[in-house]
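The values are calculated or read from the model by the stated rules, or taken from the named source; none is laboratory data. None of these values were measured; they are calculated from a predicted model. Heads up, the Cβs are rebuilt from the backbone with ideal geometry, glycines too, and the neighbour counts pull from every protein chain shown. These area figures cover heavy atoms from the full protein model, side chains too; ligands, DNA and RNA do not enter into them. Shrake-Rupley method; radii C 1.70, N 1.55, O 1.52, S 1.80 Å.
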Amino acid sequence: MSLQKVEFVDTHGSVVRKCPGTKRHICCGYQTIDLVEGCVLSCSYCILKAYLKDDVIRISRNSDAIIAELDEIIDGCGDHILRFGTGELSDSLAIDRRYGLNRFLVEYFGRKKKAILELKSKWADFRHLEPFLNPCTVISFSVSPQRFIDAEETRTSPLRKRLKAARLAQDRGCFVGLHFDPVVIYDGFEKDYRYLIADIGRILDPAKIIWISLGTLRFPPPLYGLLLERRRKYLLTGEFIRGEDGKYRYIKTERIRIYRMLYRLLKSIDSNLFVYLCMERADVWREALGIEMKDNESLMGLFDERIKNVYGGTL
Ligand code: SF4
């Protein structure tokens, strides 16, 4: 799929990290396992372009050290049911079939039964993992209208394939997650999202969607320059402000309008869907979803409750 160079590296030190969060924005307490750094899918807006020094794909080969790190973190946490993901500095599934990267983690979380592994992807193929899947693995897909995928995520799987793969994961006994991220303003995006959410309602079993995140487009200044240079029309419609964290994002009234619309559409599929905002402030939570979200701890508490409800005490 790609001509990018791949290197196997011995990572010294920590590979498991708390999501760094964003100043004065509410973070869900997610932890990342940085198994792979770099991504072959090359989405035009990818934030990695601003953070990584080159486009080499670096794969950590220290599985024993990663397991030891996970054991220490999971066993030392009495307060929350922790959630981990490998899709932060890469896509969880894009090169997984070829390199067999996630299997040891899927098996580890299945044995441990105390925390959740989320494989987050835009690549609709996890069949190689099927024999090892267990309920402690959540298969998640980022979703966007096909028109946007065609323009800005050209190497990824089409929306329909992602939704079909999500359905397959549900049929194999896994919960799935959906990530509306980045939600992007362009001419006619509202209608496209209406169709997208109708497809979700038709294809997926809502009772097996464990969570849905909403996050509008945001990017650090170097990436903004790059997008301007490349005249990415889908990514530059709308009015941006620079937030307290230095990142560009849509103005607050627009973000609220988008979240309200998506929340209403999703809840019309099933009012029990668990929908959360990724990296938003308490005032936006209140105005968009009508939820008083005081701080990170409150959101982590909601996740604990959600997990207990859907797993019925088996975790
Ligand atoms: S799939 Fe994710 S990590 Fe990979 S290029 Fe796209 S945005 Fe970046």
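Summary table below
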| item | result |
| --- | --- |
| Percent accessible area from carbon and sulfur atoms, the chain, protein chains only, probe 1.4 Å | 49 |
| Mean Cα-pair separation over length for the chain, i.e. relative contact order, pairs under 8 Å, 6 or more apart, % | 18 |
| DSSP H segments from the chain that extend 15 Å or more along their own axis, Cα-based, with Kyte-Doolittle mean of -0.5 or above | 63-75, 189-203, 252-269, 296-311 |
| Farthest toward positive dipole pole in the chain [+1 Lys/Arg, -1 Asp/Glu at C-beta], among Gly76, Ile269, Ser298 | Ile269 |
| Region 225-259: trypsin sites (Lys or Arg not before Pro) in DSSP loop, at most 15 other beta carbons within 10 Å | Arg230, Arg231 |
| Per residue accessible area in Å² of region 6-311, where ligands, DNA and RNA are left out and the probe is 1.4 Å | 44 |
| Cα centre as origin, Lys/Arg/Asp/Glu Cβ charges: region 145-202 dipole, Debye | 400 |
| Region 224-262: GluC sites (Glu not before Pro) in DSSP loop, at most 14 other beta carbons within 10 Å | Glu239, Glu244 |
| Dipole of region 168-256, positive direction: furthest Cα of Leu226, Phe180, Ile209, with charges on the beta-carbon | Leu226 |
| Aspartates and glutamates whose Cα lies under 17 Å from that of Lys164, excluding same-chain neighbours fewer than 8 positions away | Asp125, Glu130, Asp199, Asp205 |
| Alpha-carbon centroid distance for the pair region 29-80 / region 234-276, whole angstrom | 26 |
| Dipole magnitude of region 52-157, debye to nearest 20 (Cβ charges: Lys/Arg +1, Asp/Glu -1, about Cα centre) | 300 |
| Protection proxy ranking, peptides 179-185, 128-134, average beta carbon neighbours within 10 Å, highest first | 179-185, 128-134 |
| For region 6-311, size of Cβ-based charge dipole, Lys and Arg +1, Asp and Glu -1, in debye | 900 |
| Burial order of peptide ranges 260-270, 116-126, 288-298 (average beta-carbon count within 10 Å, highest first) | 116-126, 260-270, 288-298 |
| Across Lys49/Lys267; Lys5/Lys122; Lys53/Lys161, pairs whose alpha-carbon gap is larger than 30 Å | Lys49/Lys267; Lys53/Lys161 |
| Residues of type aspartates and glutamates that Lys252 reaches as a straight line, Cα spacing below 16 Å, ignoring anything fewer than 8 places off in the same chain | Glu239, Glu244, Glu280, Asp283, Glu287 |
